[in-house]
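Structure, as structure tokens:
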Amino acid sequence: MDKEYPFITYLEQLRESPDARAAFAALRRGLGRDPGSEPAMFPYVVRWLPSSASQWNERAHYLIAALFAYHPQAGGAGNLGAAFKRAARDETDTTALERRFSALLAAHPEDLGFYLRQAISFLKSKDVPVNWQQLFGDVLAWGAPEGYVQRAWAYAYWGRQRDEQDTPANSETPAS
């Protein structure tokens, strides 16, 4: 993780606070709703919005706050592709999982909340934590024309592990 976001640090600290239960209940009310449309979330989100926040930036704050409150488990590492790969280890048939993951990668920014809710729900059901710092940064960059977030997630899910690289069985020999 290259960047630490104060908003996510705040949510992580809130997880340990005596007010966590009430705060997370208020934040979860935003699940399935248009980001920013649930007034119960305002006390926890508005103070973290940059004064010149774009509409996308504001939506990302509300979306991530609601998802975090739904699955606040600590200990996530890597991006969402890495989390899906960890969840896939217990699956005997990954066809449905890969279909779900591919749909997430292809999500239009306006539909991202829907697909992320499904993804986080799945990871929660598999007891796989999420790296919320990474996810927040990735959501902020989701609409980048280069699609670098989607490529990074795909590589983390389908890419080779470091210990598999360059072993004799996996090495490609150049054509003579």
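Bear in mind these aren't lab numbers, they're just calculated from the coordinates by the rules spelled out. Fair warning: this is a prediction, and the values are worked out from it, not measured in the lab. In this analysis, Cβ positions are derived from the backbone assuming ideal geometry, glycine residues included, and neighbour counts consider all displayed protein chains.
Obtain the radius of gyration and the Kirkwood radius of segment 1-68 from its C-alpha atoms and give Rg over Rh. Present the calculation step by step, with values, prior to reporting the outcome.
On the way: Rg = 11.5 Å, Rh = 12.2 Å.
Reported Rg/Rh (Cα atoms, Kirkwood Rh): 0.95.
With the contact rule set at Cα under 8 Å and sequence spacing of 6 or more, what percent relative contact order holds for segment 1-154?
Values: 157 pairs, mean separation 47.2, N = 154.
Relative contact order for segment 1-154 comes out at 31 percent.
In a GNM of the chain with a 10 Å cut-off on Cα contacts, which of GLU110, GLU58, GLU38 has the highest mean-square fluctuation?
GLU110
Only helical DSSP H runs with n ≥ 4 go in: add -39500 (n - 2.57) per run for the chain, normalise by residue count and round the 222 nm mean residue ellipticity to 500 deg cm²/dmol.
Numbers: 9 runs with 93 residues, N = 176.
Calculated from helices alone, the mean residue ellipticity at 222 nm is -15500 deg cm²/dmol.
³J(HN,Hα) across segment 99-108 via Karplus (A = 6.51, B = -1.76, C = 1.60, θ = phi - 60°), whole Hz, x for Gly/Pro?
5, 5, 5, 5, 5, 4, 4, 8, 4, 6
Could you tell me the extents of segment 6-158's C-alpha atoms along the three principal axes, largest first, rounded to whole Å?
Projected onto the principal axes, the Cα atoms of segment 6-158 cover 42, 35, 24 Å.
Work out the FRET efficiency for THR92 and THR9 from their Cβ-Cβ distance, taking R0 = 41 Å, and round it to the nearest 0.05.
Details: r = 38 Å, r/R0 = 0.93.
After rounding, the FRET efficiency stands at 0.60.
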